[in-house]
Each structure stands twice: as structure tokens, then as C-alpha cells.
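The next block holds one structure in the form of C-alpha cells; read it before the comments.
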Amino acid sequence: MEHGGLSVSFEDAQRIVLEAVNPLGCESVHLLEASGRVLCEDIISDTRIPPVDDSAMDGYAIIAEDTRGASRDSPVKLKIVGEIQAGGLRADKRVLRGTAIRIMTGAPMPEGADAVTRFEDTEERGGWVRIFCETDRYSNYRLAGENINKGDTILKKGHRVGSADLGLIASLNRNPVGVYKQPTVAIISTGNELVDMGEEIRIGQTRNINAYTLYSEVKKYGGLPEYLGTAKDTPEDTREKFLSALGSDVTISTGGVSMGKYDFVKEILADLGIGIQFEKVNIKPGSPFTFGIKGNKLFFGLPGNPVPTLTSFIQFVRPALLKLMGATKIHKPMVHAFLEQDIVSVQSHHLIRGLFTVRSNEFYVSKTGNQKPSVLRSMSEANCLIVIPEHVTHVKAGEKVTIQLIDHGETA
């Protein structure tokens, strides 16, 4: 269903975008390359970890009952009958009442032992060990399968792999691992006034910062960005840039989507057979926003000002990229915070750059300076967005508001 020409609500825009997204295919990658990628298969254990009962500490494998009543003034004395190193085999001898076996962390527990007393609580002399405290049964004792049992589903399809996850997968000797492909993302800037890095800037021109902001964001969320340069304000140049982007899974452009005489993006998208789903979102900042689809390819026409470029990416492009990569967690955390200053809003979904702090286990939030859409510095200083719903025009200091934590991972 096309929504061309329509102005839609913030919620409808998010829904329309996500309904258009289908995850990409899968590929196998080396485990060391899987960090940040999204699993396209369940990781199921075919073994137990640890494989046998082992020691959690350096010490002496003992029978816990032998230490009853032990103290610094009245130690228990046990005969040492062997030693087991980490990576070694079980001792030839069993631990019997009145005996102990010296053992290292990770070494398999000998038969008969049901606890480990730490070296720090003992003193060894002449083949005997004196124990200065009671040790409970199964103290410093790791049971086979305590970490992972055979048949356990360790990580589920759709999970984004973190550092601890990499260690878990490695513990199962699982390599390579199946992950969703990363979307290729073409980035296009539009406007005669834009000057790229390294070029001399003249009066009336501005540095092209959107391309670098978006490039960083795409990489941050796992996409493969390619900057295609700046399209001049002519239909020919705009068309050429978008033609070169058609091979990418996602195209993001900035500028050229408003009602200006030289805003050609919507015209070119339609000319290339891209179905425009909506052209405007009831949101501030970032109301001019065009979204189109062609087959399984996505086209995002973002506003030209730096702040709405970034906020629009966070709200719409970022979740689309994550869903393309098969992620099931695509939404930013939302919490309530006490507002520290009055806010006068507009009758739209208003996103205000904010800085939250936590005091006495409560969130507090204030604006980060100048909120004009061209002032990227206030976005750089923000760690959240203050969310003011449609039709709310005034919020007083001390009232609770909803904030979106933009420097935190996705949660749902």
C-alpha cells in the first residue's frame, strides 16, 4: 500500500517503515568476526561445561566433614596424598577421611572429595596440611554442567553478539557461526551549498557534516556504509546519484525533500519507480521526511539540517537496519525523568535534546542548550531525547516526562 503525499503520525511512520523490512539472508563468518553481528541460528550446546566436576580455587580437595570445628587455635591436620594440576587427570588416589589432595583451579576433582579448602586458610608442612577454618560441603567446587549443560540453548536466533557471547560460543568450539548479512547503505548529500572535507569554504556555503554523522551511525549499528558524494541542485545530478545507489540495500539522502524550488529528491525517487510511502511526519525536528521502497530496497530521504538528520536516523533508519540484520531488539530504552526546567512544545511529536543525570535513584533531565535544528553541538552534548507527545504544549519543571536513552543499547 502506498502512502504517497501523506503526512503521517510518528507512530504510523515507524510502523510503515518496519512493515516494509524483511531480514536479509544468512552467511557464515569466523567467530572473531561475529562481534556485533546478529545470529541467524540458535546456538545449542552439544557438551557440558565444565565437562567434569572441578575445583574453583587453588587449595586442597578434602571431605568437608573432616574440617568440623577447625579454627586458627585448633586446626585440623590432614595427610596430603597427591596433587592435581589444571589440565591434568584425576589423581590415582581417592580422598579418604583424614586425607587431602593438593589441587589447582580448574583441575578435575578427585573421587571422594566434596569440597576445596583454599591455600589461604591452610598451612602445609612435612606432607601434612593444617586447616584453620571449617569448609562447607561443595565449597569452591564446580559441578559438571554448572555453566552449560548439554542441550542448552545458549543464544537464540536474532540475538546481537556481544563480547561475553563470543566467549560462550568459543567454549562450545563453534566456528564458523551463522549470522545475518550486513545491509549495504548508500549515503547521498544534496545541495549546492555543501562543501566536503578538505575543500575551501566560501560565504553562503556550509560544510557537509551530515554524511560523516550518518556514516558513523550506520557503522555503529552494523551496516556497511558507502558515501556517494553530494548531488548538486539539478534533476540530472540528483538522478545520477540515486541511480548509483540502486545496488545498495538501503539509501539514505539528506536534504531536497521539502517544498523548495530545488528540492528534487521525491521527484527523482518517483521517476525511478520507487514507491513513496509518506512524505511528511508529524514530528519536530524532522517533519520533511520521505520514505520509499522498491522491491526489498529501502529509501530514506532525511531533512537537511544536522539535528533532524540524526534524530530521524535514530527513530526510523536505525530500527530498519537492525531488523534487516535479523535483530529482535530494536527499540531504545525509555524511562521517566523529572524535568528540571519548563518546556514549551508544539503540537507534534517533539524530540528535545536532553542530558539526564541520576540522583537518589531517580532520573532528572534538562535541555542541552540551543534547540535549533542546525545546532549539532546540542546533540553532541545530549545523552537522551526528551519525548513530548502530540498536543502537549507545555510541561512544567518538576513534572515527569519520558526520555529516550540514545547512548544505550536496544532493549526490546
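Look at (1) among the small types (Gly, Ala, Ser); (2) in a loop (DSSP other than H, G, I, E, B); (3) crowded, with 22+ Cβ neighbours inside 10 Å; (4) at pLDDT 90 or above and you find that Ser312 fails only one, number (2).
Kindly indicate whether Ser244 is of a type in the set (Gly, Ala, Ser) and outside any loop (DSSP other than H, G, I, E, B). Considered against the rule, which asks whether it is of a type in the set (Gly, Ala, Ser) and outside any loop (DSSP other than H, G, I, E, B), Ser244 comes out as yes. Take Gly292 and decide whether it is outside any strand (DSSP E or B) and buried (at least 22 other Cβ atoms within 10 Å of the Cβ). No, not satisfied. What number of residues in the stretch 199-235 are assigned to a helix (DSSP H, G or I) and at pLDDT below 90? Residues meeting the conditions: 1. Residue count for the stretch 272-287 satisfying the condition of being within 13 Å of Ile16 (Cα to Cα) and surrounded by fewer than 18 Cβ atoms within 10 Å (Cβ to Cβ): 1. Within the stretch 157-207, the residues that satisfy the criterion of being over 25 Å from Pro23 (Cβ atoms) and surrounded by 22 or more Cβ atoms within 10 Å (Cβ to Cβ) are Ser189, Thr190, Leu194. Put simply, of Val346, Val365 the only residue that is outside the structural domain of Ser312 (by TED's automatic domain parsing), modelled with pLDDT under 95 and more than 30 Å from Val38 (Cα to Cα) is Val346. Here Ile44 meets each of (1) crowded, with 19+ Cβ neighbours inside 10 Å; (2) under 34 Å from the mean Cα position of the chain (by Cα) with one exception, condition (1). Within the stretch 119-145, residues that are over 26 Å from Val52 (Cα atoms) and in the same structural domain as Ala70 (by TED's automatic domain parsing) sit with their Cβ atoms under 8 Å from residues that are of a type in the set (Lys, Arg) and outside any strand (DSSP E or B), at 6+ positions apart or across chains, in these pairs: Phe132/Arg72; Cys133/Arg72.
Among the conditions (1) outside any strand (DSSP E or B); (2) more than 17 Å from Phe10 (Cβ to Cβ); (3) under 18 Å from the mean Cα position of the chain (by Cα); (4) not hydroxyl-bearing (Ser, Thr, Tyr), the only one that Val335 does not satisfy is (1).
The single condition among (1) surrounded by fewer than 18 Cβ atoms within 10 Å (Cβ to Cβ); (2) at pLDDT 95 or above that Ala320 does not meet is (1). Applying a threshold of 7 Å to beta carbon distances and a minimum spacing of six or more residues, or different chains, the list of pairs starting in the stretch 255-274 at a residue that is at pLDDT below 85 and ending at one that is basic (Lys, Arg) and surrounded by 21 or more Cβ atoms within 10 Å (Cβ to Cβ) reads Val257/Lys266.
Residue-by-condition table, conditions (1) among the hydroxyl-bearing types (Ser, Thr, Tyr); (2) farther than 16 Å from Ile283 by Cβ; (3) assigned to a strand (DSSP E or B):
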position	(1), (2), (3)
Ser374	yes, yes, no
Ser378	yes, yes, no
Ala382	no, yes, no
Leu385	no, no, yes
Val392	no, no, no
Ala397	no, yes, no
Val401	no, yes, yes
Gln404	no, no, yes
Glu410	no, yes, no
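The single condition from (1) surrounded by fewer than 18 Cβ atoms within 10 Å (Cβ to Cβ); (2) outside any strand (DSSP E or B) that Glu83 fails is (2).
The values are calculated or read from the model by the stated rules, or taken from the named source; none is laboratory data. These numbers come from a predicted model, not from an experiment. A quick note on method: Cβ atoms are made from the backbone with ideal geometry, for glycine too, and the neighbour counts reach across all protein chains shown.
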